[in-house]
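Taken together, the values in this text are just the output of simple stated rules run on the coordinates, not laboratory data. Given the structure is predicted, the values throughout are model-derived calculations rather than measurements. Every residue, glycine as well, gets a Cβ built from its backbone with ideal geometry; the counts of neighbours run over all protein chains shown.
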Amino acid sequence: MGLRVVSYIFLALFPVSAAIHLLRCWQGSDKSARTKPLLIASLLLYCAFAVQPPPWLLLAALFASWLGDVLLMPKGNAWFISGGISFLLSHVLFIFVYLPFIRWQNVPVWGLIAAGAVYLAAALSVMHTIRADAPKAMLVPLFLYLAANSTMNIFALSLLLGAPSYGAAAAFAGAILFFSSDSILFLSRYWKRKERIPKRGFLIMLTYIAGEALIAFGVLAVG
């Protein structure tokens, strides 16, 4: 069996596992935990077999995300922090994934400044919403995490501005969805009015799965 055929198997497994997982999230079923480890694992394995030589940095970033998924499955603040650290690492690795493809000479500084202001405002808005309800010791780490996610988004935007392409646009759209997913997660975990977010578990996973997929496929297209 050739590597391309193997990659197609994992490519088919990804949307199937995602659809099953999202359906269970919509239904509020505890069985969603059974499919969660398959999501990024199937995407990672597709990327590993679809491209030769394997895109090691992208695989490392996806692995960090997969590990974050697994660590967030048990209940408890310690597990939540551990998962957050793993996802923080994934954001840093995604930055290094983008770097070789960014044409800095074509990136307008004003664009990055404007984007930075937008992401800062979004992060501060989330923090303002949860600050009265979240543990005080968690406020700074949560903000720093959103800052790291924002930085990853700005590097994805730099990739798009420096060398516009469908792949770069997909990667940036994925980064936006990743930021959206984390923002909804923080609100769902710490905001006392979380019931105002309809189907919050479904929304978290929908934006997260789509975000990771768009980043991965976008980077493969750019590379």
Quiz item: For Ala132, which of the numbered conditions (1) over 20 Å from Phe178 (Cα atoms); (2) surrounded by 12 or more Cβ atoms within 10 Å (Cβ to Cβ); (3) of a type in the set (Gly, Ala, Ser) fails to hold?
Solution: (2)
Quiz prompt | Filter result (surrounded by fewer than 21 Cβ atoms within 10 Å (Cβ to Cβ), closer than 23 Å to Gly223 by Cα and more than 12 Å from the chain's Cα centre (by Cα)) within region 156-192 | solution = Leu161, Gly162, Ala163, Pro164, Ser165, Tyr166, Gly167, Ala169
Exercise. Sort through Ser17, Ser42, Ser86, Ser90 and tell me the only one that's closer than 20 Å to Arg189 by Cα, under 19 Å from the mean Cα position of the chain (by Cα) and part of a helix (DSSP H, G or I).
Key: Ser86
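Restricting to region 148-177, give me the number of residues that are of a type in the set (A, V, I, L, M, F, W, C) and free of Cβ contacts under 8 Å to residues at least 40 places away in the same chain. Lay out the reasoning, then the answer.
Going residue by residue through region 148-177, those that are of a type in the set (A, V, I, L, M, F, W, C) are 148, 152, 154-157, 159-161, 163, 168-173, 175-177.
With free of Cβ contacts under 8 Å to residues at least 40 places away in the same chain added as a condition, the list becomes 160, 176-177.
Total meeting the criteria: 3.
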Quiz prompt | Qualifying positions in region 197-211 - under 13 Å from Phe179 (Cβ atoms) and small (Gly, Ala, Ser) | solution = Ala210, Gly211
